[in-house]
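The values are calculated or read from the model by the stated rules, or taken from the named source; none is laboratory data. Everything numeric in this text was worked out from a predicted model, so none of it was measured. Positions of Cβ are generated from backbone atoms using ideal geometry, with glycine treated the same way; all protein chains shown enter the neighbour counts. Heads up: the accessible areas ignore ligands, DNA and RNA and are worked out on the full protein's heavy atoms, side chains in. Shrake-Rupley method; radii C 1.70, N 1.55, O 1.52, S 1.80 Å.
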Amino acid sequence: MFQSLINLFFPKVCSGCSTLLLGTENMICTTCRHDAPLTHHHLNPENDAYKKFYGRVLVQHASALFYFHKKGIVQELIHNLKYKGHEELGPLIGEWYAGDLKTVVALQDVDQIIPVPLHPKKYKERGYNQVSGFGKALSEQLDIAYNNKVLIRKVYSKTQSKKNLLGRSELNETIFDVVFSEKEHNKHFLLVDDVLTTGATLEACSRALLKIPGVKISIVCMAMAHS
């Protein structure tokens, strides 16, 4: 009865389209789950996410679950995750993608999952890292260790959305660093983030991780910007 009263005054709505959720639906309605633009990157090692890093940084694998379109379902999901406090969407998306990623041969020897970090000031403002739940869900589903200590963000920056690729690359060279010991040597790291756009941030994170002797890098994102 108490839960029914809560639902009456604070109805649960879909994070993708804001329609009322049915009793059997969780965070995302059945229609949005069906209509979300999936990339199927896991079926193609030479997919468009992987090609983003050609000639920039060597990655073993790169992929995203969704395509991100302006004013689309995925934009709403990511916006709710990052800016509306719906932290629970991260684990849901991670569980959604884990089944596909289990089939990717290039990821079979991954040792640790590494989230793209927030600067401590940004973390304090937001209250959470929107990538953490996604990474932890993948960690649990794929049985791979989660490590949010090795990669750090040194520089606070409000936004990079208006910078061009060159500007982002120059800035990002100074943003990230690593804290590691010999136990991190020769590992295969799976770097996870929310949206892949130019790839500059993930390239900078990868370059920082490549300071560790013998490491390999793979990249998985919730979504990828798509024209």
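Cβ-Cβ distance below 7 Å, separation of 6 or more or different chains: which pairs start in segment 136-156 with a residue that is in a strand (DSSP E or B) and end on one that is surrounded by fewer than 17 Cβ atoms within 10 Å (Cβ to Cβ) and of a type in the set (A, V, I, L, M, F, W, C)?
If the second residue must be surrounded by fewer than 17 Cβ atoms within 10 Å (Cβ to Cβ) and of a type in the set (A, V, I, L, M, F, W, C), the pairs left are I152/V179.
State all residues of segment 9-33 that are surrounded by fewer than 12 Cβ atoms within 10 Å (Cβ to Cβ) and either at pLDDT 95 or above or among the β-branched types (V, I, T) (or both); if no residue qualifies, say none.
Residue satisfying the conditions is T24 alone.
Out of (1) of a type outside the set (S, T, Y); (2) in contact with a helix residue (DSSP H, G or I) (Cβ under 9 Å, 6 or more places away or on another chain); (3) within 28 Å of V179 (Cβ to Cβ); (4) assigned to a helix (DSSP H, G or I), the odd one out for E95 is which?
Single failed check for E95: (3).
Let me spell it out: the conditions are (1) open to solvent by less than 40 Å² (accessible area, probe 1.4 Å); (2) touching a helix residue (DSSP H, G or I) at 6+ places or on another chain (Cβ under 6 Å); (3) free of Cβ contacts under 8 Å to residues at least 60 places away in the same chain; (4) not polar (S, T, N, Q), and I113 meets all of them except one. Which number is the exception?
(3)
Considering only segment 184-227, how many residues are surrounded by fewer than 21 Cβ atoms within 10 Å (Cβ to Cβ) and more than 20 Å from K154 (Cβ to Cβ)?
Final tally of qualifying residues: 12.
Could you please find all residues in segment 34-64 being of a type in the set (G, A, S) and either buried (at least 20 other Cβ atoms within 10 Å of the Cβ) or more than 18 Å from Y97 (Cα to Cα) (or both)?
As a first pass, look at segment 34-64 and keep what is of a type in the set (G, A, S): 36, 49, 55, 62-64.
Those that are of a type in the set (G, A, S) and either buried (at least 20 other Cβ atoms within 10 Å of the Cβ) or more than 18 Å from Y97 (Cα to Cα) (or both): A49, G55, A62, S63, A64.
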